[in-house]
1. Could you tell me the extents of the stretch 192-309's C-alpha atoms along the three principal axes, largest first, rounded to whole Å?
2. For the chain, compute Rh as the Kirkwood radius over C-alpha pairs and then the Stokes-Einstein diffusion coefficient at 37 °C and 0.692 mPa s; write the answer in µm²/s, rounded to an integer.
3. Based on the alpha carbons, how large is the Rg to Rh ratio for the stretch 279-361 when Rh follows Kirkwood?
4. How far is helix 210-232 tilted off the main Cα axis of the chain, in degrees rounded to 10, range 0 to 90?
5. I'd like to compare 276-283, 67-74, 206-213: which one has the highest average count of other Cβ atoms within 10 Å, and what's the full order after that?
6. Could you grab the relative contact order for the stretch 132-284? Cα pairs under 8 Å, six or more apart, rounded to a whole percent.
7. Between ILE318 and THR346, how high is the FRET efficiency from 1/(1 + (r/R0)^6) when r is the Cβ-Cβ distance and R₀ = 22 Å? Nearest 0.05.
8. So, R0 is 35 Å and r is the distance between the beta-carbons of GLU225 and VAL110; what FRET efficiency does that work out to, to 0.05?
Amino acid sequence: MMNNFEFKNPTKIIFGKDTIEQVKNEIPSDAKVLLLYGGGSIKKNGIYEQVKTALANINVIEFGGIPANPEYATLIEALKVIKEEHITYLLAVGGGSVIDGTKFLSAAAVFKGDSPWDILANKVRTEKGMPFGTVLTLPATGSEMNSGAVITRKETKEKLAMGGPGLFPEFSILDPQVITSIPQRQLVNGLTDAFMHVLEQYMTYPIGALLQDRFAESILQTIIEVAPKVLKDPTDYNAAANFMWSCTMALNGLIQKGVPTDWAVHAMGHELTALFGIDHARTLAVIAPSHYKYNFETKKEKLAQYGERVWNITKGTIDDKAYGAIEKTITFFHGLGINTKLSDYTKDYEGTAEEIAKRFTHRGWLGLGEHQTLSPYMVEKIVKMAY
Ligand code: NZQ
Ligand code: ZN
C-alpha cells in the first residue's frame with residue numbers, strides 16, 4: 001500500500017533562457033544582500049556580471065571562495081560578515097556546494113545555540129532561516145529546490161547533513177545556458193548524482209505506487225537520453241534544459257512521496273568524500289553496484305522492473321533482469337567516464353570499510369536503508385566489496 005504523505009515545496013522556480021536578470025524582481029528592494037559564490041568560475045563565464053547588473057539598485061556585498069564540499073571553517077568566516085554587516089538576505093550563485101553553504105548560513109544566522117557546528121552534530125531542524133535565493137550554475141544536486149544541505153569539516157574529516165522546512169530557497173533561477181562553461185568532469189558528476197538520487201528513492205521494494213515509479217523511471221530515461229548530447233555539445237539548449245530540469249526533479253521531494261527510500265548509498269558515499277576528497281557523484285558510483293549486489297534479495301523486484309522499463313531487458317527471470325540492470329548501470333557510469341571502484345581513486349583504501357562502520361556505530365546509525373536494517377557490519381561488507 002502507498003504510504004500516507006504530505007507535500008509542500010515553496011521554492012519558486014524561474015526556468016529558461018536569459019532568466020538570470022529576473023533575480024532583481026525576487027529580492028526585496030530594501031534588503032542587504034550577501035552574494036555567495038565559489039572558486040570564481042562565475043567571474044569567467046559571465047554569470048557574475050549578469051547578476052551584478054541585475055542587482056545594480058540593491059545593496060549587495062560579496063563573499064567568494066566557498067570550496068566544493070562546502071567547508072565549515074570558510075562558512076564561519078561568511079557568518080561573521082553576515083553579523084557584522086547586518087545582512088538580511090542571502091543569494092547563492094553556484095552549484096550544490098555554494099547553495100548548501102548558503103543553507104548552512106541561513107540556519108546559522110538565526111541559530112541560538114553555542115556553536116553552529118551543533119546544527120550538524122545534533123541534527124537541528126531549522127524551522128525558519130534567513131531568507132535566501134539561488135542562481136544555479138551547475139545541474140546536479142537538486143539543492144536549488146530542496147531544504148537539505150551537506151557540510152564538510154576538514155579538521156575532523158566529517159561530512160554531515162542538515163536541513164529543515166525553513167531551508168527551502170525562496171526562489172531559484174535555472175538558466176540552462178550556464179552549462180556551456182561547465183567542465184566535462186562536473187557535467188558527468190551532475191548526470192551521475194541526479195541518476196543516483198532517483199535510484200535512492202526507487203530501488204527499494206514495490207508498494208504499488210505506480211505514478212511515483214513512473215516519475216522516477218522517466219527521469220532516469222531522460223538522463224540516459226540527454227547524457228551523450230550534453231557531453232558532446234553543451235550548447236545544445238534542449239539537451240541542457242532537459243538535463244537541468246531532470247536534476248531538479250530528481251531531488252525536490254516529489255518522487256519520494258508515498259514510497260520507501262533508501263539513501264544508504266549517500267551515507268556511505270559521503271564518508272568517502274570526507275576521507276579521500278573524492279567527488280560526491282563518483283562516491284555514489286563506487287558504492288551503488290556493491291550495495292545493490294549485497295542487498296540483491298530485498299531489492300531484486302525493483303531492480304528487475306528498472307531493468308525492464310529503463311534498460312529494456314525483456315528476457316530471463318527476475319534474477320536475470322535484476323543482475324542485468326546492475327550491469328547496465330555500471331556500463332552507463334563507465335560510459336560517462338566514471339570509475340566504479342574505490343581503488344580507482346585511492347591506493348589507501350585498506351581499512352576504509354572498518355573505519356566507516358566504526359563511524360556509523362559511533363553516531364548510532366545502526367539501521368540504514370528502506371528497512372532500517374542495514375547495520376554497520378553490513379556497511380563494512382558493502383564498502384569492502386567496492387574496493
Ligand atoms: O567553485 P566554482 O569556481 O564555482 O567552480 C565549481 C566547482 O569547482 C564548478 N562550477 C559550477 N558551476 C560552474 C562551474 N564551472 C564552470 N561553469 C559553471 N557554470 O564546478 C565545481 C563543482 O561545484 P559543486 O557546487 O561542488 O558541485 P555540485 O553541484 O555537484 O555540488 C556537490 C555538493 O553538493 C552536495 C554534495 O555532497 C557536495 O558537497 N549534495 C547536496 C545535496 C542537496 N543539498 O540536496 C544532495 C546531494 O546528494 C549532495 O550530497
Ligand atoms: Zn547526491
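The numbers here are math on the coordinates, done by the rules we state, and not lab data. What you see is a predicted model; the values in this text were computed from it and never measured. Neighbour counts are summed over all protein chains in view; Cβ atoms, including those assigned to glycine, are modelled from backbone coordinates with ideal geometry.
1. Taking max minus min along each principal axis of the Cα atoms, the stretch 192-309 gives 42, 39, 24 Å.
2. Approximately 154 µm²/s, per Stokes-Einstein.
3. 1.04
4. Taking the Cα atoms of the chain, the angle to 210-232 is about 70 degrees.
5. 276-283, 67-74, 206-213
6. Rounded, it is 32 percent for the stretch 132-284.
7. 0.05
8. 0.25
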